[in-house]
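Chemist: This is the structure, below, for whatever I ask next.
All of the numbers you see were taken from the coordinates with simple rules; none came from a lab. Small disclaimer: the values here were computed from a predicted structure and weren't measured. All Cβ positions, glycine included, derive from the backbone under ideal geometry; neighbour counts span all protein chains shown.
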Amino acid sequence: MLIVFLGIFGAYWLNLKVVSQSKARIVATAIANQKIEQIRNLPYKEVGTDPRAVDEPVGDIPKTESILQNNTNFAVETTIKYISDCFDGPRSAECPAAPETDDCVKDYKRAKVKVSWEKPFKGEVNLATDVAPKNLNQEKEECTGAAAGVLSVSVFDALGQAVPFPFIEIIDPLTGNTLTTNQPSNGKYNFVVSPDAYKVKITKSGYSSDQSYQAGDIYNGTTITEPVKSHPAVYEGRLTEVGFSIDILGSMVVQSRGTSDQDYPLIHNAVFEMEGAKLVGRDVAGKSIYKYSQTHVTNGSAGIELSDLEWDSYSFYVDSPDYELIGIESPPETEIEQPVGLLPAENKEARLILKAENTLLTTVKDSTTSDPIFAVSVRLFNLGLGYDRIQPTDEEGETLFIPLQEAAYNLEVQADGYQTYTEENILISGDIILTINLIPSP
């Protein structure tokens, strides 16, 4: 009878324990779920415990508390810690493709809630949840303790495709100091910064550059009143997106030549202005300030090579009372309308066709063979007018004097192995063509 009744009592006691533990566990689970939901509904920066350890987030959630329910005393213990995810850095064997460094290792928070009880039977329930920041702003605030916003900078080329590894600088527009930089492999980077306005500058070796401006900046000696791309403003808790365009630099060889009727003779030391279509802003008078606007002079070969040119549409102007720009050829002998387009990484040749009211085209030949003579020194002068110029002949034996006043000039032609040729009082009026036959020296 003792064995039978002990078995019955043991079964009753076990059943009583199972029912009691089941009731306690249901209540403890409800308490833990309630605590988890409370944590999930808090603003991210308020998810923390009080008191807390040094490396734990601060908040108003009690570290420990006691709750009496159904005549059972439940002890609630909440632990919240920061978690560093290697996905955004630092790079490791677990995350080999992540950035090398991470400015903020407090990527998100992990909350654990333990609810335990001692009577009538001992037990506990554990629940956990991860709480992630809504954006990078909140993550940055956890690391710095200051309000932050996100400045998202994208760099793309002329086709709208991302430029790999551009050098992005975030600069204080007041001091000119560089605050932070990055070279993203995908051409885009999110900078988490305090609310303010920032200057953004984009550079890359072999590429054009781009940047933002503000009113009052000086560009090529002109004050910008209305910038085309202003410094982006970053606001607390908000995302500011800006885009910049750069591409591979090209080049252009610009020549100054006479008309086709004159067989395109070289025109030396011609002054011209070259202007792109891209703007950086407008001045106080509302006049456009072009990103590229330069004055150039063709050299002794009647041409100039302009390297490191950004892809753009370029216009040419010749402001001279002596001659005018009557056409542009690109490639040579193919007349086109302005502006002249230059693609990324393109090497182009443009020919400026100039015409003056009075010109002298001289052709120097060998009197015996009638072959043109190269690099002959041709001097044309009128000392009364203060005009005295020496020019070499080209491979065709030609050289063009332009522009000239209507007057009489003296001519002197010298070449090694030939007798010197002189002629006085050559009347220049309109376009004059003169052929000179040099006699070989005896």
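Chemist: How far is it, in nm, from the label point at ASP283 to the one at VAL58 when both lie 7 Å from their Cα along the line to the Cβ?
Modeler: It is 5.5 nm.
Chemist: Further question: Cross-link partners among lysines for LYS81, C-alpha distance below 28 Å, same-chain residues fewer than 8 apart left out?
Modeler: Result set, ordered by chain and number: LYS35, LYS45, LYS63, LYS106, LYS109, LYS112, LYS114, LYS122, LYS134, LYS140.
Chemist: Taking all pairs of different Cα atoms in the stretch 250-355, averaging 1/r and flipping that mean, what Kirkwood radius in angstroms comes out?
Modeler: Taking every pair of different Cα atoms in the stretch 250-355, averaging 1/r and inverting gives 14.2 Å.
Chemist: Provide the packing ranking of 348-354, 122-128, 191-197, i.e. peptides ordered by the mean count of other C-beta atoms within 10 Å per residue, highest first.
Modeler: Top to bottom by mean Cβ count within 10 Å: 348-354, 191-197, 122-128.
Chemist: Then there is this: Tilt of helix 2-40 relative to the longest C-alpha principal axis of the chain, in degrees (0 to 90, nearest 10)?
Modeler: The answer is roughly 30 degrees.
Chemist: Then there's this: Give me the number: length gained by fully extending GLU226 to SER441, i.e. 0.36 nm times residue separation minus the C-alpha to C-alpha distance, one decimal in nm.
Modeler: 70.6 nm
Chemist: If R0 is 56 Å, what FRET efficiency do you get for GLN338 and LYS45 from their C-beta distance, rounded to 0.05?
Modeler: Efficiency, rounded to the nearest 0.05: 0.45.
Chemist: Please report the orientation-averaged projected area of the stretch 23-132, defined via the convex hull of its C-alpha atoms, in nm².
Modeler: Over all viewing directions, the stretch 23-132 projects a mean Cα-hull area of 8.2 nm².
Chemist: Cα atoms only: what Rg and Dmax, in Å, come out for the chain?
Modeler: 41.2, 154
Chemist: On to the next question. What FRET efficiency comes out for SER320 versus VAL242 if R0 is 60 angstrom and r is the Cβ-Cβ distance? Round to the nearest 0.05.
Modeler: FRET efficiency, SER320 to VAL242: 0.90.
Chemist: Could you give the size of the charge dipole of the stretch 359-438 about its Cα centre, using +1 on the Cβ of each K and R and -1 on the Cβ of each D and E, expressed in debye and rounded to the nearest 20?
Modeler: The dipole of the stretch 359-438 has a size of about 200 debye.
Chemist: Tell me which residues come under 5 Å, amide H to amide H, from ASP247 once H is placed; ignore anything under 5 positions away on its chain.
Modeler: HN-HN under 5 Å from ASP247: SER208.
Chemist: Among ILE328, ILE402, which comes first, second and so on when ranked by fewest other beta-carbon atoms within 10 Å?
Modeler: Fewest-to-most Cβ neighbours within 10 Å comes out as ILE328, ILE402.
Chemist: Can you work out D for the stretch 359-438 in µm² s⁻¹ from Stokes-Einstein, where Rh is the Kirkwood radius over C-alpha pairs, the temperature is 4 °C and the viscosity is 1.567 mPa s?
Modeler: 103
Chemist: With θ set to phi - 60°, apply the Karplus curve 6.51 cos²θ - 1.76 cosθ + 1.60 along the stretch 423-440 and write out the HN-Hα couplings as whole Hz, x wherever there is a Gly or Pro.
Modeler: 8, 10, 6, 7, 7, 9, 8, x, 8, 10, 10, 10, 9, 10, 9, 7, 9, x
Chemist: Could you tell me whether the stretch 139-256 comes out rounded, prolate or oblate from its Cα gyration tensor? Rule is a ≥ b ≥ c as square roots of the eigenvalues, rounded for a/c under 1.5, then prolate if a/b exceeds b/c, otherwise oblate.
Modeler: Oblate, since a/c reaches 1.5 and b/c is not below a/b.
Chemist: Still on this structure: Mind checking which of THR369, PHE381, GLN391 is farthest towards the positive end of the stretch 350-398's charge dipole, using Cβ charges of +1 (Lys, Arg) and -1 (Asp, Glu) about the Cα centre?
Modeler: PHE381
Chemist: Could you rank the peptides 244-252, 41-49 by their average count of other C-beta atoms within 10 Å per residue, with the highest value first?
Modeler: Those peptides, ordered most packed to least, come out 244-252, 41-49.
Chemist: Can you list residues from other chains, or at least 5 along the same chain, whose modelled amide H is less than 5 Å from the amide H of VAL163?
Modeler: VAL155, PHE156, ASP157
Chemist: Here's something else I'd like to know. Could you work out the helix-only [θ] at 222 nm for the chain, with each DSSP H run of four or more residues adding -39,500 (n - 2.57) and the total divided by the number of residues, to the nearest 500 deg cm²/dmol?
Modeler: Dividing the helical sum by the residues of the chain leaves -4000 deg cm²/dmol.
Chemist: Using the Cα centre as the reference, give the magnitude of the dipole from point charges on the C-beta atoms of the chain (Lys, Arg: +1; Asp, Glu: -1; all else neutral), rounded to the nearest 20 debye.
Modeler: 4520
Chemist: If packing is taken as the mean number of other Cβ atoms within 10 Å per residue, what is the order of 208-221, 263-276, highest first?
Modeler: Most protected by this proxy first, the peptides run 263-276, 208-221.
Chemist: Which of TYR213, GLY48, THR420 sits closest to the plus end of the dipole of the chain, meaning its Cα is farthest towards the positive end, when Lys and Arg get +1 and Asp and Glu get -1 on the C-beta?
Modeler: Farthest along the dipole direction, towards plus: GLY48.
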